[in-house]
Structures are given as structure tokens and as C-alpha cells.
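K.L.:
Sending over a structure as C-alpha cells; questions will come in a sec.
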Amino acid sequence: MTTQLERILQEIQTTVSSIRAEDAEKLVNGILDAKKVFVAGAGRSGFMAKSFAMRMMHVGLEPYVVGETVTPNLEKGDLFIVGSGSGETKSLVAMAEKAKSIGAAVAAVTIVPDSSIGRLADIIIEIPAQTKADTTHSSIQPMGSLFEQSLLLFYDSLILLIMEKRGMDADNMYGRHANLE
């Protein structure tokens, strides 16, 4: 067990070390400048987006998960962040097209910057991991696991950057943590 876990951690380290810091900074600025922030992803990438939305709420932002019943309409001046390894998931492509047509900014967090979603994006974050059908990036893990793990860690790193820019620490977040648990 330890050997597999160590190999997974090595893969994650190699992958996240390739993410460009200036791209992350651009996304953080986009988040802080947006009226509202919307996140989306399909499958496990969608779970990572939900985790990110939760933490953004904890730091005082107004994030929404696309598809939830309490999600308002997207408007000009909002930011739509799409996490998609392939950048080709049909439902996410359609959402990105709609966001662009409304005048919102689109950010793609993807393995494939030249994908359909990547070409629509104003901000692109490349996470060089393995897609489900990819043979160019090798991983010991199945399907999109390396991307999804790296996506969660990348999103968490954005929260740290936001906290730093806002002069916050973890103590500032507890007042917004769920209390009906």
C-alpha cells in the first residue's frame, strides 16, 4: 500500500509543479474582480468544483455550483470556472459557450488548453495530467484520477492565495462554516 501511495504523491508533485504560477495569479484576480463566481465540472471534476465553491464561500466570496437549485443566473461581469480534463465534455462546452454569449469571463482548468473549452476561455490553467483516453502522459492511476487530485490541490492553493490577498487566516473562515451539522 505504501508504495502505491508514494508513487501517487510523486505523480501529483510532478504534475502540480508544472502549473504556471502566473496563470494561477490571473485566475485569483479574476475571482476577486468578479461579481459572482460559477463553477462546473462533470463527474469527479464536478466534486472538486463543489469543494472549491465551499471554500470560496468560507473566505467570503459569492460562489455558485452550476446545476444546483439555488444557483442564480449568470450575468456579464461574472466568472465561470470550468474544470474539465479533456475540455470536450459536451455539457460543459455548451455552458462555456452560453457564458461567453452572456458576456461573462470563462476560465478553463484543463489538461488540453487547445480544447473546445480552452479556446473559449479568457483564462487557461493547464494541469498536465493524463486524460481518461490519453497515452501521452503516463500515470499508474486509472482514468482521470491524477487530474482530479491535482485539480483539488490547485483549487485549494487558490484559496490560500485569496486568503493572503485578503489578509485572512483560517480563524476568519469559521464564522462562515456550516453550523446545522
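K.L.:
Under the definition of Cα pairs under 8 Å and six or more residues apart, what whole-number percent is the relative contact order of the chain?
P.N.:
Result for the chain is 24 percent.
K.L.:
Once label points are set 7 Å from the Cα along Cα→Cβ at both Glu97 and Glu68, what is their separation, rounded to one decimal in nm?
P.N.:
Between Glu97 and Glu68, the simple spin-label model gives 2.7 nm.
K.L.:
State which entries of Lys50/Lys76; Lys36/Lys98; Lys50/Lys100 exceed 18 angstrom in Cα-Cα distance in the structure shown. Walk me through the numbers on the way to the answer.
P.N.:
On the way: Lys50/Lys76 22 Å; Lys36/Lys98 16 Å; Lys50/Lys100 22 Å.
Correct reply: Lys50/Lys76; Lys50/Lys100.
K.L.:
Could I ask something else about it? Amide H of Val106 versus every other amide H placed in the peptide plane: which residues, excluding those fewer than 5 positions away on the same chain, fall under 5 Å?
P.N.:
Phe80, Asp122, Ile123
K.L.:
Using alpha carbon centroids, what distance separates region 19-64 and region 1-18, in Å?
P.N.:
Taking the Cα centre of each part, region 19-64 and region 1-18 sit 24 Å apart.
K.L.:
Summing +1 for each Lys or Arg and -1 for each Asp or Glu, what net charge is found among the other residues whose Cβ lies under 11 Å from the Cβ of Ile127?
P.N.:
The answer is -2.
K.L.:
Hey, another quick one. Would you kindly state how much longer the chain becomes between Glu88 and Lys26 on full extension, computed as 0.36 nm times their sequence separation minus their alpha carbon distance, in nm to one decimal?
P.N.:
Fully extending the segment from Glu88 to Lys26 adds 20.0 nm.
K.L.:
Could you identify which residue out of Pro113, Pro128, Pro72 has the top mean-square fluctuation in a GNM of the chain using Cα springs shorter than 10 Å?
P.N.:
The residue with the greatest mean-square fluctuation here is Pro72.
K.L.:
Turning to a different aspect of this structure: Net charge within 14 Å of Lys100 by Cβ-Cβ distance, Lys/Arg positive one each and Asp/Glu negative one each, not counting Lys100 itself?
P.N.:
Taking every Cβ under 14 Å from that of Lys100, the sum is -1.
K.L.:
Further, regarding this structure: If you place +1 on the Cβ of every Lys and Arg, -1 on the Cβ of every Asp and Glu, and leave all else neutral, what size is the dipole of region 2-175 about its Cα centre, to the nearest 20 Debye?
P.N.:
Around 380 debye, computed over region 2-175.
K.L.:
Apply 1/(1 + (r/R0)^6) to the Cβ-Cβ distance of Gln10 and Asp169, taking R0 = 30 Å, and write down the FRET efficiency to the nearest 0.05.
P.N.:
About 0.50, to the nearest 0.05.
K.L.:
For the chain, what are the DSSP H helices with axial Cα length of 27 Å or more and mean Kyte-Doolittle hydropathy of at least -0.5?
P.N.:
For the chain, where a helix must reach 27 Å along its axis and average at least -0.5, the hits are 145-166.
K.L.:
In addition: Could you check which residue among Asp122, Asp114, Asp171 shows the biggest mean-square fluctuation in a GNM of the chain with a 10 Å Cα cutoff?
P.N.:
Among Asp122, Asp114, Asp171, the largest mean-square fluctuation in the Gaussian network model of the chain belongs to Asp171.
K.L.:
Oh, and also: In deg cm²/dmol and to the nearest 500, what is the mean residue ellipticity at 222 nm of the chain if only DSSP H runs of at least 4 residues count, each as -39500 (n - 2.57), divided by the residue total?
P.N.:
My calculation for the chain gives -14500 deg cm²/dmol from helical runs alone.
K.L.:
May I pose another question? Computed on alpha carbon atoms, what radius of gyration and Dmax characterise region 1-69, expressed in Å?
P.N.:
Computed over the Cα atoms of region 1-69, radius of gyration and Dmax are 15.1, 45 Å.
K.L.:
Any idea what log10 I(q)/I(0) is at q = 0.16 Å⁻¹ for the chain, Debye with uniform C-alpha scatterers and no solvent?
P.N.:
-0.96
Quick note: the coordinates plus some simple rules give every number you see, no bench work behind them. All figures in this text were calculated on a predicted structure; none of them were measured in a lab. Ideal geometry is used to build each Cβ from the backbone, glycine not excepted, and the neighbour counts take in all protein chains shown.
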